[in-house]
Amino acid sequence: MKLLTVVASAAIYALMSAVMKEASSTGDASVALVARYVFACATLVPIYLASGRPTVRTSQLRWHLLRGGLGFGMFLCYTLALERLPLQNAMVLNSSYLLFVPILMLVFMRQRVGPVAVAGLVLGFAGIVVVTGVRPDGFLDWGSVFALASGVASAGANVIVARLRRTDSSFSVVFYFFGVSLALSVGWALITSHSLSLGSWWLIIAVGALSAVYQQLLAYALKHLSSELVSSVMASSMVFGFALDMLMFQHFPSPRDYGGSVLILAGALVVLWANRLRSRHPRAPGLPELPQPADTTPSDRTAGIKGAER
């Protein structure tokens, strides 16, 4: 039953992405960003009351601001990618964020990347080359650039969360993330939005509602299952993305799309389970300590709040 909850969360995440793509085609994506974070902030109210009103005081404000900026940047780039790419390509490239986490940890935290993780990175980046169809001149189309940028931003947000968990409560991490992202999304909407037609509001509300439901389902799963297992099953969102792309947008993937997606998925899973191996053998060198795909630790009273960096 708990695994089915993760599968349902993956399906809803894919549906939310499809609705975001539809909103981007009508020019309402910036307002949909606001709706997403308004709904996310609303979910914090009952959690705050139920968890004993945890403090949000922090001495790490600059890291919270950077984390919020990266989270907003991730979703903004993802939205721009959805405007330019087929749904499944944008989702697959965004999901490659797991490949960038160990690289960022190597660069900024000096954590070595072991042979198992390196094998996963080789597989994953080979898949990226296949999916993006890198041209002979080495340049990518803008849609692929935005999709990969969303993955890098998501990975950066995860690395910062790993740092913030050492000093701040889980609720504090989520509170500042949603607050900063909401402020930035409002500013972006004011700059770029236009008058909304009456028929557009259902898209805006659907994005926010689907986002909230997906986060809460994932929160429930993270309370009962390991983060590695949850992340592995969440990869099924790619499958739903392929199906929705065919049903809603009449885009049928090519063999190259299938092959590249399989390589990216395989590489991400190898990297993810390399971290699992490291956690079982703490003395084993070279495997980066990947953070959980959530803004909490299981021992926290507010455990399971999804960070929505994806």
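Any read-out appearing in this document is the output of simple, stated calculations on the displayed coordinates, not a laboratory observation. Note that this is a predicted model, so its numbers are computed, not measured.
Computed values, structure above
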{"quantity": "Of the DSSP H helices in the chain, those whose Cα atoms cover at least 20 Å axially and whose Kyte score averages 0.5 or more", "calculated": "2-25, 29-50, 61-84, 115-132, 142-164, 170-192, 201-224"}
{"quantity": "Debye equation applied to the C-alpha atoms of the chain, log10 I(q)/I(0) at 0.07, 0.09, 0.11, 0.12 Å⁻¹", "calculated": "-0.25, -0.42, -0.63, -0.76"}
{"quantity": "Helical contribution to [θ] at 222 nm, DSSP H n ≥ 4, -39,500 (n - 2.57), averaged over the chain, rounded to 500", "calculated": "-25000 deg cm²/dmol"}
{"quantity": "Residue of 268, 189, 157 that the Gaussian network model of the chain assigns the largest fluctuation, springs spanning Cα pairs under 10 Å", "calculated": "189"}
{"quantity": "Cα gyration tensor category, rounded, prolate or oblate, for the range 135-270 with a/c compared to 1.5", "calculated": "rounded"}
